[in-house]
Amino acid sequence: MVKSVLGVIGGSGLYELPGLSNVRWEAVASPWGEPSDQLCFGEFAGLPMVFLPRHGRGHVHAPSDINYRANIDALKRAGVTDVVSLSAVGSLREDTPPGSFVVVDQFIDRSFARAKSFFGKGCVAHVAFGDPVSPRLADRLEAAARGVGADVRRGGTYIVMEGPQFSTLAESRLYRSWGCDVIGMTNMPEAKLAREAELCYATLAMVTDFDSWHADHGTVDVAKIVAVMHANADKAKALVAALARDFPREHELCPIGSDRALDHAIITAPEKRDPALLAKLDAVAGRVLKR
């Protein structure tokens, strides 16, 4: 059995993870460039954990400037088996107000200025992504949220916009007409890359505002968002502690195969694969490339 290592990616307002023991911040080199920050290694009740602030400590990276490939690659190199993404979002539903949480189960990717795959010319791969969230990890995330008294919904579609500007009113109305539940700027291509790296992945979306569609709220107010974001962050930290406390110490196989996503995904003939790209894929795809 593989030992569990829980990775946590902290979104806006989450730049550290208190309660860890044996803490050390360490730079993890990646052939894909610089991650958002050093990785924070520690333990919680004996469970190895790795924390990465998505925007960097001090919030220095805009959504489109984040090196998502380096972030996921660095977590993989750090031995992470399961990734929990904590992400500030706007709500597109009346019944999902600021201060509430959503355990997302689907995504719509409307980003356009980001590298979205580890693979490409010289080694082509197509991973299954119909179910982008590992359900067992989502179950544990939901249970932890309920355990700390969070107002949480299970299931919802997260639409990812490019940003950094917030939505126009017309865009917000369009996304609501599509049946989207929350909107944010960062979970794509993060979730896609996690699947390519064979990491179980789940998102806890932390609602900070009603986007721009809501008649009583109108334009997104950054000052109000920041206030709700800080309150959400405190709840999220307690939630992560509850999740870690009950997390299995042996990695559980994902029922949808997230942790085996590359078994049949690489279609480039071995003799046609680019050695330079293969070298960069050593952490992400080493399990299957070594066969």
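The values are calculated or read from the model by the stated rules, or taken from the named source; none is laboratory data. In this text, all values refer to a predicted model and were calculated from it rather than measured experimentally. Here the Cβ is made from the backbone with ideal geometry for all residues, glycine too, and neighbour counts use every protein chain on show.
For P270, indicate whether it is out of contact with any His (no Cβ under 9 Å at 6 or more places or on another chain), modelled with pLDDT of 95 or more, surrounded by fewer than 19 Cβ atoms within 10 Å (Cβ to Cβ) and closer than 26 Å to F44 by Cβ.
Numbers: out of contact with any His (no Cβ under 9 Å at 6 or more places or on another chain): yes; modelled with pLDDT of 95 or more: yes; surrounded by fewer than 19 Cβ atoms within 10 Å (Cβ to Cβ): yes; closer than 26 Å to F44 by Cβ: no.
No: the conditions fail for P270.
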Out of the residues in region 9-38 meeting the condition of being over 30 Å from I183 (Cβ atoms) and charged (D, E, K, R), tell me which one is nearest to the chain's Cα centre (by Cα).
E26
Can you confirm whether region 166-178 contains a residue that is farther than 24 Å from S4 by Cα, crowded, with 20+ Cβ neighbours inside 10 Å and at pLDDT 95 or above?
yes
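Identify all residues within region 115-142 that are free of Cβ contacts under 8 Å to residues at least 24 places away in the same chain and either among the aromatic types (F, W, Y) or part of a helix (DSSP H, G or I) (or both); write none if there are none.
Initially, region 115-142 is screened for residues free of Cβ contacts under 8 Å to residues at least 24 places away in the same chain, giving 130, 139.
Correct list: D139 only.
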Anything in region 253-267 that is surrounded by fewer than 17 Cβ atoms within 10 Å (Cβ to Cβ), over 19 Å from A202 (Cα atoms) and touching a residue at least 12 places away in the same chain (Cβ under 8 Å)? List them, or say none.
D263, I267
When you scan region 5-22, do you find a residue that is free of Cβ contacts under 8 Å to residues at least 60 places away in the same chain and either on the phi > 0 side of the Ramachandran plot or assigned to a strand (DSSP E or B) (or both), even just one?
yes
Quick one: which strands (runs of 3 or more DSSP E) lie wholly within region 143-212 and hold at least 3 residues that are at negative phi and among the acidic types (D, E)?
none
Report yes if A70 is of a type in the set (A, V, I, L, M), more than 21 Å from A197 (Cα to Cα) and surrounded by 20 or more Cβ atoms within 10 Å (Cβ to Cβ), otherwise no.
no
Which of (1) buried (at least 21 other Cβ atoms within 10 Å of the Cβ); (2) without any contact (Cβ under 8 Å) to a residue 40 or more places away in the chain is the odd one out, the single condition I183 does not satisfy?
(2)
Residue list for region 262-291, restricted to those being in a loop (DSSP other than H, G, I, E, B), in contact with a strand residue (DSSP E or B) (Cβ under 9 Å, 6 or more places away or on another chain) and basic (K, R)
R273
The correct count of residues that are free of Cβ contacts under 8 Å to residues at least 60 places away in the same chain and assigned to a strand (DSSP E or B) in region 89-110 is 1
Free of Cβ contacts under 8 Å to residues at least 60 places away in the same chain and in contact with a Cys (Cβ under 8 Å, 6 or more places away or on another chain): does that describe V50?
yes
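Taking the options F51, F41, name whichever one is of a type in the set (F, W, Y), part of a strand (DSSP E or B) and under 16 Å from the mean Cα position of the chain (by Cα).
One residue alone meets the criteria, F51.
Just checking, does region 166-180 include any residue being under 17 Å from the mean Cα position of the chain (by Cα) and either among the charged types (D, E, K, R) or more than 30 Å from A283 (Cα to Cα) (or both)? I'd like the intermediate steps shown before the answer.
Applying the first criterion (under 17 Å from the mean Cα position of the chain (by Cα)) to region 166-180 yields none.
Taking every residue of region 166-180 in turn, none turns out to be under 17 Å from the mean Cα position of the chain (by Cα) and either among the charged types (D, E, K, R) or more than 30 Å from A283 (Cα to Cα) (or both).
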Could you tell me whether region 66-88 includes any residue that is at pLDDT below 95, part of a loop (DSSP other than H, G, I, E, B) and closer than 24 Å to D139 by Cβ?
no
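Residues checked against (1) among the small types (G, A, S); (2) within 20 Å of S87 (Cα to Cα):
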site: V2; (1), (2): no, no
site: G11; (1), (2): yes, yes
site: L20; (1), (2): no, no
site: G33; (1), (2): yes, no
site: D37; (1), (2): no, yes
site: E43; (1), (2): no, no
From K235, K224, grab the single residue that is in a helix (DSSP H, G or I), within 30 Å of R93 (Cα to Cα), in contact with a helix residue (DSSP H, G or I) (Cβ under 9 Å, 6 or more places away or on another chain) and charged (D, E, K, R).
K235
